[in-house]
Amino acid sequence: MTDAEYTKLLKKYHKLSERHVLVVETDMPYPDVLKVAALSDKIRKAGNELVGLMRKNYDQLFRTKRYRKLLSLYGRTDDETRRKDLARQLKEMQEAYHVTWEFCRKAMIPIGKKYDIGSIFALTKAEDVWCGIEKCLYGNGKTIHFSKYGELPCMRAKQANRGIPISVKDDRLQFNLGKIVFGIKIKDRFQQEEVQAVLSYLAGPEVRDRRAVDTLLEEAYCIDTYRPCYVTLVPKMIRGRYRVYLHLVVEGRAKPKYDKNGNYRHKYEKGTIGADIGTQTVAYTSDTEVGLKNLAERGNSIQTSERKERLLYRAMDRSRRATNPQNYNPDGTIKKGCKTWEYSNHYRKLKARHSELCRINAINRQLAINEDVNHLRSLGDTFVTEPKNAGRLMRRAKETTKNNSGRFNRKKRFGKSVRNRCPGGFQAAAENKFKTTGGTYIEVPNSYRASQYDHTADDYIKKDLSDRMYCLQDGTEVQRDWYSSYILYNYDKKTRCIDKDKCNEEFERLYEKEKALIAWIRANEIKVLNSGI
């Protein structure tokens with residue numbers, strides 16, 4: 001094998017292999033932490049300047065009638081030749097109005113020099129801005145947004161030998177950011193094993209790369225080399241002080257985690273799981289267990305914390321209104337136009353408390369979601385659910401309607417519920433977990449209609465949203481969310497429809513588990529939101 005062929009195969013391996021992120025805290029002294037935070041703020045300012053430039057170009061492009069007409073024709077045309085011609089014309093217009101990656105990259109060069117940030121960090125920030133533009137051009141994005149004051153972006157160097165190079169000193173990983181030299185704090189067994197694997201690779205990278213290429217050629221699969229790819233620094237404000245975390249992207253799958261007894265922390269079983277994910281709850285049915293619980297909840301403290309968030313925000317609003325009465329109309333609405341705001345010390349203290357509480361609640365939500373997903377993975381390896389719809393549920397109603405008494409119906413939907421319970425985040429975490437651990441993630445087609453099917457009548461019966469406890473045609477009372485998960489549990493992979501024979505066979509066994517679950521919820525006085533229990 002020639003050197004050129006080996007290099008080509010090695011690049012192919014890097015492209016095919018999996019990657020994971022090791023998150024650890026740095027051991028920087030606090031003066032260096034402040035320097036990192038200051039540099040991160042410079043990157044934020046440079047990114048905002050580039051966002052302003054690209055946003056102006058994009059708005060000018062989108063205001064032209066010809067571009068909007070071409071977009072409309074491209075969406076309605078099925079002819080492949082015609083679509084290619086329209087795509088060419090759209091690309092030419094993007095180049096004419098400087099809405100291209102090349103312009104974005106070159107425009108960032110003088111901006112990066114102006115703010116005195118490294119070229120690798122400027123290039124990475126330009127990539128982030130261009131991702132936002134691409135979402136507007138080719139996805140469902142509306143516009144790109146500026147970063148607020150106090151929002152410190154991550155500092156990512158997507159090359160291992162530039163920006164934040166990695167080295168080894170005294171059998172420990174060492175990192176450099178300019179003149180700042182720092183290491184990492186290792187707090188548990190998982191982090192220790194990950195670091196040892198990275199050190200083992202750095203001790204002989206050529207041998208490990210050669211073995212990876214040979215395995216790819218002979219056995220057609222990728223081994224875990226644990227090559228450190230690149231480093232990202234993430235500054236965070238925690239309890240009034242900055243702390244810097246290091247995200248190390250490592251090639252290969254993550255090491256398994258163990259409990260205090262040396263056993264695997266997470267067990268992966270075989271079987272099918274049907275899950276009905278609502279705005280605030282999740283109901284699931286598996287071969288061995290049924291469940292109905294609130295999303296993103298650890299203990300009973302989450303609802304108390306959400307109430308504290310609301311109270312602090314209302315206190316902030318009262319303070320802001322008292323300090324800036326000139327910015328409000330007599331009816332309490334905010335005046336239009338440019339305004340100057342002043343904030344009292346009392347407001348600043350409230351804002352700090354509110355920000356800290358929001359941070360804690362966000363972490364608790366993420367931990368609760370991970371715990372629930374790991375539990376579901378321990379019940380089976382095939383996850384069946386309905387398509388994602390959290391984004392659509394958050395939208396306000398467009399039409400103005402009245403109820404029977406002549407009053408206007410409220411246009412609000414499920415914005416706060418989706419924000420506090422994160423059903424979309426839960427579904428994305430489940431998808432990622434099942435796919436990365438050798439399982440299967442399935443979203444049923446829209447015609448499946450799990451919430452409307454009645455297996456005793458073998459028919460689809462439309463139900464009101466308020467009917468949480470529902471009686472089947474044979475008189476059996478079931479909890480609606482659990483019954484939807486049961487219908488999803490009886491999914492037929494071949495026909496992509498409901499397995500009606502399995503519905504009849506498994507119902508009595510799993511219905512007994514559902515009755516025991518409801519009795520347990522009532523006996524322990526557990527509040528399951530919108531369950532009807």
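Okay, helix-only estimate at 222 nm for the chain: each DSSP H run of n ≥ 4 adds -39500 (n - 2.57), divide by all residues, round to 500 deg cm²/dmol; what do you get? Present the calculation step by step, with values, prior to reporting the outcome.
Values: 15 runs with 257 residues, N = 533.
My calculation for the chain gives -16000 deg cm²/dmol from helical runs alone.
Using alpha carbon centroids, what distance separates region 1-15 and region 357-432, in Å?
Between the Cα centre of region 1-15 and that of region 357-432, the gap is 45 Å.
Ignoring solvent entirely, what values of log10 I(q)/I(0) come out of the Debye formula for region 298-356 at 0.15, 0.21, 0.22 Å⁻¹ when each Cα is a single scatterer?
Log10 I(q)/I(0), no solvent term: -0.54, -0.84, -0.89.
Quick one: in region 163-253, what % of C-alpha pairs are over 15 Å apart? Write out the running numbers ahead of the final one.
Details: 2721 of 4095 pairs.
Tail of the P(r) past 15 Å holds 66 percent of the pairs.
Cα centroid distance between region 104-127 and region 218-277, in Å?
Region 104-127 and region 218-277 have Cα centres spaced 31 Å from each other.
With a ≥ b ≥ c taken as the square roots of the eigenvalues of the C-alpha gyration tensor of region 143-196, please select rounded if a/c is under 1.5 and otherwise prolate if a/b is larger than b/c or oblate if it is not?
Details: a/c = 2.55, a/b = 1.77, b/c = 1.44.
Taking the square roots of the gyration eigenvalues as a ≥ b ≥ c, region 143-196 is prolate.
Taking a ≥ b ≥ c as the square roots of the eigenvalues of the Cα gyration tensor of region 233-341, is the shape rounded (a/c under 1.5), prolate (a/b larger than b/c) or oblate? Intermediate values should be presented prior to the final figure.
Details: a/c = 3.05, a/b = 1.80, b/c = 1.69.
Since a/c reaches 1.5 and a/b is larger than b/c, the shape of region 233-341 is classed as prolate.
First compute the accessible area of region 426-483 with a 1.4 Å probe, then give the percent of it belonging to carbon and sulfur atoms.
Values: 1180 of 2830 Å².
Ligands and nucleic acids excluded, carbon and sulfur reach 42 percent.
With each pseudo-label sitting 7 Å past Cα toward Cβ, what's the residue 172-residue 19 distance in nm, one decimal?
Simple spin-label model gives 2.7 nm for this pair.
Could you tell me which of rounded, prolate or oblate describes region 412-533, using a ≥ b ≥ c as the square roots of the eigenvalues of the alpha-carbon gyration tensor, with rounded for a/c under 1.5 and, failing that, prolate when a/b is larger than b/c and oblate otherwise? Spell out each step's value before the answer.
On the way: a/c = 1.43, a/b = 1.04, b/c = 1.38.
Judged from the Cα gyration tensor, region 412-533 comes out rounded (a/c under 1.5).
Positive end of the dipole of region 1-139, charges at C-beta (+1 Lys, Arg; -1 Asp, Glu), about the Cα centre: which of 54, 122, 38 has its Cα farthest in that direction?
54
Could you give the length gained on full extension between residue 96 and residue 345, defined as 0.36 nm per residue of separation minus the Cα-Cα distance, in nm?
Values: separation 249, 0.36 × 249 = 89.64 nm, distance 4.96 nm.
Result: 84.7 nm gained on full extension.
Which trypsin sites (Lys or Arg not before Pro) in region 433-524 pass both tests, a DSSP loop state and at most 16 other beta-carbon atoms within 10 Å? Intermediate results must be reported in sequence, preceding the final value.
On the way: sites: 433, 435, 449, 462, 463, 468, 480, 493, 494, 496, 500, 502, 509, 513, 515, 522; in loops: 449, 462, 463, 468, 493, 494, 496.
Taking region 433-524 and a limit of 16 other Cβ atoms within 10 Å, the loop trypsin sites (Lys or Arg not before Pro) found are 449, 462, 463, 468, 493, 494, 496.
Could you give the dipole magnitude of region 307-421 about its Cα centre, charging the beta-carbon of Lys and Arg +1 and that of Asp and Glu -1, in debye to the nearest 20?
Numbers: 31 positive and 10 negative charges, 138 e Å.
Charge dipole, region 307-421, about its Cα centre: 660 debye, nearest 20.
Out of the chymotrypsin sites (Phe, Trp or Tyr not before Pro) in region 132-221, which ones are loop residues according to DSSP with at most 14 other C-beta atoms within 10 Å?
Details: sites: 138, 146, 149, 175, 182, 190, 201, 221; in loops: 146, 149, 221.
The qualifying sites are 146, 149, 221.
If you scale each eigenvalue of the Cα gyration tensor by 5 and take the root, what three semi-axes come out for the chain, rounded to whole angstrom and sorted largest first? Numbers along the way, then the final one.
Details: eigenvalues 343, 242, 168 Å².
Three semi-axes, in Å: 41, 35, 29.
Note the full-extension length gain between residue 408 and residue 207 as 0.36 nm times their separation in residues minus their Cα-Cα distance, in nm to one decimal.
Values: separation 201, 0.36 × 201 = 72.36 nm, distance 7.20 nm.
Contour length minus Cα-Cα distance gives 65.2 nm.
In debye, nearest 20: dipole of the chain around its Cα centre with unit charges on the Cβ of K, R (+) and D, E (-)? Don't jump to the answer; show the numbers that get you there.
On the way: 104 positive and 69 negative charges, 735 e Å.
Charge dipole of the chain: 3540 debye, to the nearest 20.
Provide the FRET efficiency to the nearest 0.05 for the residue 305-residue 189 pair, computing r from the beta carbons and using R0 = 25 Å.
Calculated transfer efficiency: 0.25.
Give me log10 I(q)/I(0) at q = 0.16, 0.22 Å⁻¹ for region 313-456, Debye formula, one equal scatterer per alpha-carbon, no solvent.
-1.06, -1.32
Please go through region 272-364 and write out the trypsin sites (Lys or Arg not before Pro) that DSSP classes as loop and that have at most 11 other C-beta atoms within 10 Å. Show your work: numbers first, answer last.
Numbers: sites: 293, 298, 307, 308, 310, 314, 318, 320, 321, 335, 336, 339, 348, 349, 351, 353, 359; in loops: 298, 335, 336, 339.
Answer in residue order: 335, 336, 339.
Karplus couplings for region 280-291 from phi (6.51 cos²θ - 1.76 cosθ + 1.60, θ = phi - 60°), rounded to Hz, Gly and Pro as x?
10, 9, 9, 10, 9, 9, 10, 5, 10, 8, 10, x
Residue 353 to residue 447: extension gain in nm, 0.36 nm per residue of separation minus the Cα-Cα distance? Don't skip to the end; give the middle numbers.
Details: separation 94, 0.36 × 94 = 33.84 nm, distance 4.70 nm.
Net length gain for the segment: 29.1 nm.
What is the P(r) of region 405-463, as percent of Cα-Cα pairs per 10 Å bin from 0?
Bin by bin from 0 Å, the calculated values are 16, 23, 35, 21, 3, 1.
Applying the Karplus parametrisation 6.51 cos²θ - 1.76 cosθ + 1.60 with θ = phi - 60° to the phi angles of region 445-454, what ³J(HN,Hα) value in whole Hz is obtained for each residue in order, glycine and proline being reported as x?
Karplus values, whole Hz, x for Gly and Pro: x, 5, 6, 5, 6, 5, 6, 10, 7, 10.
Which whole-Hz ³J(HN,Hα) couplings does region 455-460 yield from phi under the Karplus relation 6.51 cos²θ - 1.76 cosθ + 1.60, θ = phi - 60°, glycine and proline marked x?
6, 6, 9, 6, 7, 8
At what distance in nm do the modelled label points of residue 313 and residue 143 sit from each other, each positioned 7 Å from its Cα along Cα→Cβ?
Roughly 2.2 nm, to one decimal.
With +1 on each Lys and Arg Cβ and -1 on each Asp and Glu Cβ, and nothing else charged, work out how big the dipole of region 41-87 is about its Cα centre, in Debye to the nearest 20.
Details: 14 positive and 7 negative charges, 51 e Å.
Approximately 240 debye in magnitude.
Taking Rh as the Kirkwood radius, which is the inverse of the mean 1/r over Cα pairs, what is the Rg/Rh value for region 29-181?
Working: Rg = 19.6 Å, Rh = 17.7 Å.
On the Cα set of region 29-181, Rg over Rh gives 1.11.
The values are calculated or read from the model by the stated rules, or taken from the named source; none is laboratory data. Model, not experiment: these values are computed from the prediction. Virtual Cβ from ideal backbone geometry, glycine too; neighbours counted across all protein chains shown. Note: accessible area is taken over every heavy atom of the protein model, side chains too, but ligands, DNA and RNA are not part of it. Shrake-Rupley method; radii C 1.70, N 1.55, O 1.52, S 1.80 Å.
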